[in-house]
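Trainee: The structure that follows is given in the form of structure tokens.
The numbers here are math on the coordinates, done by the rules we state, and not lab data. Source: prediction; values computed, not measured. In this analysis, Cβ positions are derived from the backbone assuming ideal geometry, glycine residues included, and neighbour counts consider all displayed protein chains.
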Ligand SMILES: Nc1ncnc2c1ncn2[C@@H]1O[C@H](COP(=O)(O)OP(=O)(O)OP(=O)(O)O)[C@@H](O)[C@H]1O
Ligand SMILES: [Mg+2]
């Protein structure tokens, strides 16, 4: 009898068996490059999680006519030809729970911090339905980053997705880490997803969070550059699933993806290994969907709870028109562009005010800060223009000259060292000093010290003023006058710092 006859005979005899008694079992026919080809899983789904007889597991990434292509989860467990493979009828799942706070886990859900097993048993699939429009609420509550340049120029609201884009070494990670540190005591849970970074970076981050008391409200998910590309691909979805768990408990969550360029590169590598045809910049055609379905999971829910996403993307040569950055810019609600030129001039954080926008966060800014910043963006733009003009040696009239000097002081005020963050009251007060001209007669290197000292003067000598702004989130006209009075008082006390 021919082989085909035998198969059809078998098939016919199986047809009468009830479906639920049948278990589909596949057989490995080829292994290599962390991928294996499996025959026999003809009803398996794309993205399904499967287990191997030898203890390994994998995810189906391609359905062929007679076989499926599977990426292996664990590189240390060998897979042999003819090994059997079982379906699980679900996508990859990850542990979630309150006990994850303070922990560092890999994309496979295994602890990486040496603190023992995770004390949680709940598993959740890493791909889920996104909240519908009706379930969402508009962004109307601010998520303070504590970084003046951001909270003032590109304010972020809870539930927003704000991209951070910049060349290598422009302070992208520092910016989000400062934001995480600033959430202390604010009842915001932070999830940091590290993708394709060096392991040393992770160690530094963990100790930094620990020293600053931020680890207790944070979860770190890491797939470093030495991990399998599959883990790097999975990490953001795992992180998002963990964030969704906290959101479903009614919490506000901040999730950071550092960075999605590495994520896209991992995905490209996987696609090329699967011999899928490469498109623009050798990325596969569905690379847009890779990030859109991830970032659509962020947002604010009407019943409470939110996920604010800060994805990071690295660019080359300040070119934000590359494929992955333009995709991400179109998916997110705005971007913060960190400029190498500014960074090298010592203007740090190097936020480029002209190319940075926040499309929804303005609605979430506190009144106190909003009132003080109304003119700032314009002033900065005028300053840039005048600066170019002045470089030609052009004579400036008095008004332009004053604008130029004011602009210089605004730039100076927006400089902020690492690990130092300001509350919105501090920010409103500093901006008031700028607006009322208290900084105009200072030498440039005294602008920062003066503003900081004046704010702490108000805080310690006039705590009532400080508290009123904090509780009303506003600065009334009377209050404005009162603060100007206090600042004039302080001017006499200020001793310039020698450097
Ligand atoms: N506000 C700041 N003031 C002074 N130095 C800063 C500031 N922000 C970042 N730096 C310094 O700049 C360097 C680069 O920062 P960081 O690692 O955050 O950049 P990055 O853009 O994430 O880099 P990479 O592309 O390597 O991920 C670090 O040495 C950091 O200490
Ligand atoms: Mg970085």
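Trainee: Any chance you could check the Cα centroid distance between segment 83-112 and segment 432-498 for me, in angstrom?
Mentor: First find each Cα centre; the distance between them is then 51 Å.
Trainee: How far apart, in nm, are two points set 7 Å out from the Cα along the Cα-to-Cβ line at residue 84 and at residue 292?
Mentor: About 4.2 nm separates the two model spin labels.
Trainee: Would you please give the FRET efficiency between residue 210 and residue 122, computed as 1/(1 + (r/R0)^6) with r the Cβ-Cβ distance and R0 = 25 Å, to the nearest 0.05?
Mentor: Result of the calculation: an efficiency of 0.45.
Trainee: Classify segment 95-364 as rounded, prolate or oblate, taking a ≥ b ≥ c as the square roots of the eigenvalues of its Cα gyration tensor: rounded when a/c is under 1.5, otherwise prolate if a/b is larger than b/c and oblate if not.
Mentor: Judged from the Cα gyration tensor, segment 95-364 comes out rounded (a/c under 1.5).
Trainee: How far apart, in nanometres, would the label points at residue 277 and residue 15 be if each is projected 7 angstrom from Cα along the Cα-to-Cβ direction?
Mentor: Here the answer is 3.7 nm between the modelled labels.
Trainee: Label segment 23-90 by shape, choosing from rounded, prolate and oblate, from the square roots a ≥ b ≥ c of the eigenvalues of the Cα gyration tensor; if a/c is under 1.5 it is rounded, and otherwise prolate applies when a/b is larger than b/c, oblate when it is not.
Mentor: rounded
Trainee: Could I ask something else about it? How high is the relative contact order of segment 23-90? Use alpha-carbon pairs under 8 Å, at least six apart in sequence, and give a whole percent.
Mentor: Across segment 23-90, relative contact order equals 40 percent.
Trainee: Once you order the gyration tensor axes a ≥ b ≥ c over the Cα atoms, which shape class does segment 329-478 get: rounded for a/c under 1.5, otherwise prolate or oblate by comparing a/b with b/c?
Mentor: Oblate shape, in that a/c is at least 1.5 and b/c is the bigger or equal ratio.
Trainee: Now, a different point. Using a Förster radius of 45 Å, what is the FRET efficiency between residue 384 and residue 249 based on their Cβ-Cβ separation? Nearest 0.05, please.
Mentor: Efficiency at R0 = 45 Å is approximately 0.50.
Trainee: Report, in degrees rounded to the nearest 10, the 0 to 90 angle that the Cα long axis of helix 447-461 makes with the longest principal axis of the chain.
Mentor: 80
Trainee: With everything on Cα atoms, drop me the angle between helix 3-15 and the longest principal axis of the chain, reported from 0 to 90° to the nearest 10.
Mentor: Around 70 degrees separate the two axes.
Trainee: Follow-up. Return the whole-Å distance between the Cα centroid of segment 327-347 and the Cα centroid of segment 254-318.
Mentor: Result: 17 Å between the Cα centres.
Trainee: At a threshold of 8 angstrom on Cα-Cα distance, excluding pairs fewer than six apart, so keeping six or more, what relative contact order does the chain reach in percent?
Mentor: With pairs under 8 Å counted, the relative contact order is 14 percent.
Trainee: Which whole-number percent is the relative contact order of segment 95-364 (Cα, under 8 Å, 6+ apart)?
Mentor: 29
Trainee: Going by how many other beta carbons lie within 10 Å of each one, how would you line up 110, 45, fewest first?
Mentor: Arranged by neighbour count, lowest to highest, 110, 45 become 110, 45.
Trainee: Share of Cα-Cα pairs in the chain beyond 43 Å, in percent?
Mentor: 27
Trainee: Next question. Sorting 297, 470 on the 10 Å Cβ count, fewest up front, what's the list?
Mentor: Ranked by crowding around the Cβ, least crowded first: 470, 297.
Trainee: Then there is this: Fewest Cβ neighbours within 10 Å first, please rank 128, 321 accordingly.
Mentor: Ordered from fewest to most neighbouring Cβ atoms within 10 Å, 128, 321 come out as 321, 128.
Trainee: For the chain, find the longest principal axis of its Cα atoms and tell me its angle to the long axis of helix 463-472, 0 to 90°, nearest 10.
Mentor: 50
Trainee: Would you calculate, for the chain, the mean residue ellipticity at 222 nm contributed by helices, counting each DSSP H stretch of 4 or more residues as -39,500 (n - 2.57) and dividing by all residues, to the nearest 500?
Mentor: It lands at -12000 deg cm²/dmol.
Trainee: In addition: Suppose the Debye formula is applied to equal point scatterers at every Cα of segment 87-158; what is log10 I(q)/I(0) at q = 0.15, 0.19, 0.27 Å⁻¹?
Mentor: So the normalised log intensities work out to -0.83, -0.92, -1.09.
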